[in-house]
1. Within segment 2-24, does at least one residue satisfy the condition of being open to solvent by 30 Å² or more (accessible area, probe 1.4 Å), more than 27 Å from Phe121 (Cβ to Cβ) and touching a helix residue (DSSP H, G or I) at 6+ places or on another chain (Cβ under 6 Å)?
2. How many residues, within segment 49-65, are within 13 Å of Leu16 (Cα to Cα) and either in a helix (DSSP H, G or I) or of a type in the set (Phe, Trp, Tyr) (or both)?
3. Looking at Ile36, Ile43, Ile30, which is the one that is open to solvent by less than 50 Å² (accessible area, probe 1.4 Å) and assigned to a helix (DSSP H, G or I)?
4. Find all pairs meeting these conditions: Cβ atoms under 8 angstrom apart; at least six residues apart or on different chains; first residue within segment 1-18 and in contact (Cβ under 8 Å) with a residue 24 or more places away in the chain; second residue among the polar types (S, T, N, Q) and open to solvent by less than 50 Å² (accessible area, probe 1.4 Å).
5. For segment 92-130, enumerate the residues that are part of a loop (DSSP other than H, G, I, E, B), under 17 Å from the mean Cα position of the chain (by Cα) and surrounded by 12 or more Cβ atoms within 10 Å (Cβ to Cβ).
6. Would you point out which residue out of Asp120, Asp98, Asp115, Asp80 is more than 18 Å from Met1 (Cα to Cα), out of contact with any strand residue (DSSP E or B) (no Cβ under 7 Å at 6 or more places or on another chain) and among the acidic types (Asp, Glu)?
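The values are calculated or read from the model by the stated rules, or taken from the named source; none is laboratory data. This one's a predicted model, so the numbers in the text were calculated from it and none came from an experiment. A quick note on method: Cβ atoms are made from the backbone with ideal geometry, for glycine too, and the neighbour counts reach across all protein chains shown. Ligands, DNA and RNA are excluded from the accessible area calculation, which covers all protein heavy atoms including side chains. Shrake-Rupley method; radii C 1.70, N 1.55, O 1.52, S 1.80 Å.
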Amino acid sequence: MISTRGRYAIRVMIDLVENNNGHYIPLKDIAKRQEISKKYLEIIVKEMVAGELLIGASGRGGGYKLRRKPEEYTVGEILDLMEGTLSSVACLADKSFDCPRKDKCKTLPMWTEYDNLVHDFFYGKTILDLVNN
């Protein structure tokens, strides 16, 4: 399940695209438009800045803006940053996980196929796709 952190991060990105005026957009404005607690968004955007999705500036005229063009951001990269892994099972989420049943597991191909579908779906959608829909 995708948490509010992942969903809200996507909403922040969409909001920044839709309200881009060339200047930093204050978080209070995003929070108001998105009807999300500013305090909660502060935690989310801090991680997005650290993950190099956004640029943040403090003080008068400060706020947030995209680091890249909207079409260069995939939903997958945003969710990976905010959620960690989207893998369905531990043996696929952690490459160093040493499952003793890996060689004889009858379900591993199914989980691998599922994870590939999820990955391809989210990495095949950009923020610009969401804005234009």
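1. no
2. Final tally of qualifying residues: 1.
3. Step by step, each of Ile36, Ile43, Ile30 is checked, and only Ile30 is open to solvent by less than 50 Å² (accessible area, probe 1.4 Å) and assigned to a helix (DSSP H, G or I).
4. Tyr8/Gln34; Arg11/Gln34; Val12/Gln34
5. Within segment 92-130, just Lys125 meets the criteria.
6. The match here is Asp98.
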